[in-house]
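Novice: Here it is, the structure, as structure tokens.
The values are calculated or read from the model by the stated rules, or taken from the named source; none is laboratory data. Since this is a predicted model, take the numbers as computed values, not measurements. A quick note on method: Cβ atoms are made from the backbone with ideal geometry, for glycine too, and the neighbour counts reach across all protein chains shown. Quick note on the areas: whole protein, heavy atoms, side chains included, nothing else; ligands and nucleic acids left out. Shrake-Rupley method; radii C 1.70, N 1.55, O 1.52, S 1.80 Å.
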Amino acid sequence: MEDIKYTAHILNISDRGSILVNSEYASETGYRGDMVLHTSMTKLEDIEGNPVDISYFKEGMWIMFITNGIMTMSLPPQLNPSFIKEIKASFESDEDDVLVSMMDDDSIIYE
């Protein structure tokens, strides 16, 4: 199975190192919504690409994570990402919507 890249914002971090996120739509899976990320075997990086531990991440941060696409059938789904990195998020609003653009370190914008 091919790796899948998601963007998400952090809703909660458990004492055991799991992260509850709300993900943006991933076309490979067709899934958008809450997910639990188990991080015991995950490479973690800050926005500059420096290695960090789970205590670096905070509620409200935007992240990009990579997974092999395997997730539990539970609600919310649970997965074991291979990589998590903080990303920048910019918000643009108009009368009806809020558009969130994600930028990774290669200046690629996700909308």
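Novice: Tell me which residues, restricted to the range 54-81, are among the hydrophobic types (A, V, I, L, M, F, W, C), open to solvent by 20 Å² or more (accessible area, probe 1.4 Å) and closer than 15 Å to Glu24 by Cα.
Specialist: Met61, Trp62, Ile66
Novice: Name the residues in the range 36-50 that are under 20 Å from Arg16 (Cβ atoms) and exposed (fewer than 15 other Cβ atoms within 10 Å of the Cβ), would you?
Specialist: The first filter runs over the range 36-50 and keeps only residues under 20 Å from Arg16 (Cβ atoms), leaving 36-44.
Once the filter is applied, which keeps residues that are under 20 Å from Arg16 (Cβ atoms) and exposed (fewer than 15 other Cβ atoms within 10 Å of the Cβ), the range 36-50 yields Ser40, Met41, Lys43.
Novice: For the range 21-35, does any single residue satisfy the condition of being among the small types (Gly, Ala, Ser), open to solvent by less than 60 Å² (accessible area, probe 1.4 Å) and modelled with pLDDT of 95 or more?
Specialist: The answer is no, given that none of the residues of the range 21-35 is among the small types (Gly, Ala, Ser), open to solvent by less than 60 Å² (accessible area, probe 1.4 Å) and modelled with pLDDT of 95 or more.
Novice: Could you check Asp94 against (1) surrounded by fewer than 11 Cβ atoms within 10 Å (Cβ to Cβ); (2) at pLDDT 85 or above and say which number it fails?
Specialist: (2)
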